[in-house]
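Notes to accompany the following structure.
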Amino acid sequence: MALEMKVPSPGESITEVEIAQWLVEDGDYVEKDQAVAEVDSDKATLELPAEASGIITLKAEEGDVVEVGEVVCLIDTDAAKPGSDDKEDSESKDDKSAETEEKERQESTEDKKDSDKAAAKTEEPSKSSTPSQKQDDTYATGTPSPAAKKILDEKGIDSKDVKGSGRDGRVTKEDAVEAKASMGSPGKGTRGEERKKMSMFRRKLAERLVSAKNDTAMLTTFNEVDMSPIFALRKKYKEEFKEKHGVSLGFMSFFTLAVIRALDEYPAVNSMIDGDYQVSYDYKDISIAVSGPKGLTVPVIRNAENLSFRGVESEVKRLAIKARDGKITVDEMTGGTFTITNGGVFGSMLSTPIINPPQSAILGMHNIVERPVAIDGHVEIRPIMYVALSYDHRIIDGKESVGFLVAVKEALENPEELLMDGDIKRSLEL
């Protein structure tokens, strides 16, 4: 019986997917629920599990765009699992008699003796070459000296392209030092290239990024945050926090809660444009940009305004693991009213993040560097992070954007009072 495997719907509004990679070969025996393919939609990469055990026949090629519900492979469920016959054949091959093996060893010894004799005869003519003949070959006209050849090899220049000034046109060390590769010459370096089609996920991401640049009045405002208070809190409570909750007390919970507080003060930042209307939300679904194996994914923390430090850290960890393993679902990436992206994990000092449409703003975190700053009239070294807010100027004015970012800065520099209401233990649930 041949079972037809059809492309399931990855999510609402998705009508087609692309076969990104077959994880099995045509004719392989597959087990039920084994991942047989990876398929790309315009929002995520998903695995396609086998619906039954049997021999698989592929009906689509890698790179093919197929509609949801289309048959992409067949599974012969009546086929027996291979393996038993191969084991019997292997055992029979190993069942040689001692007499036969001894005969083979004797024949091998005789063949080696004959081979050694032939090799000895072959080597005899090489003894007739004289030292003078070798020297003539090495220093032929135009041939570089050993020192010159080493320099030319390091420069990637062919000795034939260098005019020698030595005797009989020989290339000297000085010639090699002064030699330059001709304009446009690749020397001896490789010049290969690879051309491959981008995945549907990557193509859609590219379209969205270009659309965000072209269809929004995007501006970016910057500020800096003294991370000393957060460093002090994490140093004091991180071990106790992790021991009790099973997750680390990271920076993301502080930034998420600071953003939620600022969104309450500046609701226009938590809005979107829908035609001629501005749509504002009384909830905060915070999108967290995560780097996955197929590219950037943006899972959403739903109703983040209801979460504690522990709740935010747990959600961030859960979503990051799913994104890393390629198991994030479309529903977990749909929606979002505001995005936080952290380029600092890759060493970014400063950037202008691109809005994640249809959202109207995105906060960019960056690396933390010890910098000299003025504190009460004198210079101190503090851990400083530059932050950036990109926003759609069509619905967010400069006053609101700057005020929002200042509110985030204030909360991060005074977390005990503004994010924890003066009760650190209760806020961290310790």
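The values are calculated or read from the model by the stated rules, or taken from the named source; none is laboratory data. Just so you know, these numbers come straight off a predicted model, no measurement behind them. With ideal geometry, Cβ positions are generated from the backbone for all residues, glycine too; neighbour counts draw on all protein chains shown. Calculation scope for accessible area: heavy atoms of the full protein, side chains included, ligands and nucleic acids excluded. Shrake-Rupley method; radii C 1.70, N 1.55, O 1.52, S 1.80 Å.
Sequentially through segment 402-410, phi angles give Karplus couplings (6.51, -1.76, 1.60; θ = phi - 60°) of 5, x, 4, 5, 5, 5, 5, 4, 4 Hz, Gly and Pro residues having no value and appearing as x.
Near the amide H of residue 342, within less than 5 Å, lie the amide hydrogens of 289, 365, all on another chain or at least 5 residues away, with H placed in the peptide plane.
Peptides 268-276, 33-41, ordered by how many other C-beta atoms sit within 10 Å of their residues on average, highest first, read 33-41, 268-276. Placing pseudo-labels 7 Å out from each Cα toward the beta carbon at residue 331 and residue 198 gives an inter-label distance of 3.0 nm.
Taking θ as phi - 60° and the Karplus parameters 6.51, -1.76 and 1.60, the scalar couplings of segment 339-354 work out to 10, 10, 10, 10, x, x, 5, 9, x, 5, 7, 7, 7, 10, x, 8 Hz in sequence order, x denoting glycine and proline.
Would you mind calculating the gained length between residue 308 and residue 77 on full extension (0.36 nm times residue separation, minus the Cα-Cα distance), in nm to one decimal? Provide the component values of the computation, followed by the final result.
Working: separation 231, 0.36 × 231 = 83.16 nm, distance 4.99 nm.
Gain on extension, residue 308 to residue 77, equals 78.2 nm.
Roll a 1.4 angstrom probe over the protein heavy atoms and tell me the percent of accessible area of segment 265-312 that is carbon or sulfur.
Values: 1070 of 2320 Å².
With neighbouring chains kept in place, the figure for segment 265-312 is 46 percent.
Tell me whether segment 380-425 comes out rounded, prolate or oblate; compute the Cα gyration tensor, take square roots of the eigenvalues as a ≥ b ≥ c, and use a/c under 1.5 as the rounded threshold.
Numbers: a/c = 3.53, a/b = 1.66, b/c = 2.13.
Judged from the Cα gyration tensor, segment 380-425 comes out oblate (a/c at least 1.5, b/c at or above a/b).
Taking amide H positions as modeled 1.01 Å from N, with prolines and chain starts lacking one, the residues under 5 Å from residue 52 and 5 or more places away or on another chain are 33.
How much accessible area per residue does segment 225-334 have, in Å², with a 1.4 Å probe? Show your work: numbers first, answer last.
Numbers: 5280 Å² over 110 residues.
Roughly 48 Å² per residue, with all protein chains present.
Listed cross-link partners 213/409; 327/425; 236/317; 150/180; 235/322; 235/409 are compared with a 23 Å cut-off, the Cα-Cα value being larger for 213/409; 327/425; 235/322.
For the pair residue 413 and residue 317, a Förster radius of 41 Å applied to the C-beta separation gives a FRET efficiency near 0.95, rounded to the nearest 0.05. Rounded to the nearest whole Hz, the Karplus-based 3J(HN,Hα) values (6.51 cos²θ - 1.76 cosθ + 1.60, θ = phi - 60°) of segment 308-314 follow the sequence 8, 4, 4, x, 5, 4, 5, with x at glycine and proline. Given a Förster distance of 25 Å, report the FRET efficiency between residue 210 and residue 25 from their Cβ-Cβ distance, rounded to the nearest 0.05. Efficiency, rounded to the nearest 0.05: 0.10.
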